[in-house]
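No value in this document is a laboratory result; all are computed from the given coordinates. Note that the coordinates shown come from a computational prediction; the quantities given were computed from them, not determined experimentally. Here the Cβ positions follow ideal geometry from the backbone for every residue, glycine too, while neighbour counts run over all protein chains shown.
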Amino acid sequence: MTFTTALPALIGSDKQISWATDVRAKAHAAFLAQFAKAPTPKTDKDMAFIAAINAMFAQTDAGWWIDHRQHGEYLRNWSLEAIKLSK
């Protein structure tokens with residue numbers, strides 16, 4: 001299993017979609033950069049972690065991305081710790 005690079009279309013008003021696209025793109029770029037540095041996933045824990053992140057990026061509700069935009073830094077830090085622990 002790998003980290004997803006394809007993102008689904010967002011659903012919402014034009015304004016929400018515009019804003020959420022930017023929020024999601026920044027979060028996605030940060031995760032891609034982190035996963036590029038990570039070791040190849042090998043354990044069930046690694047696979048579950050990647051599945052959870054992929055599920056998050058499968059979210060199509062633009063409002064969800066806007067509502068959770070403040071959590072981006074927390075998620076990035078959490079993923080860095082998870083990557084360190086899986087080495």
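One table, with the values for the structure above:
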{"item": "Distance between modelled label sites at L32 and M47, nm, 7 Å Cα→Cβ extension", "result": "2.6 nm"}
{"item": "Fewest-first ranking of D67, D44, using other Cβ atoms within 10 Å as the exposure measure", "result": "D44, D67"}
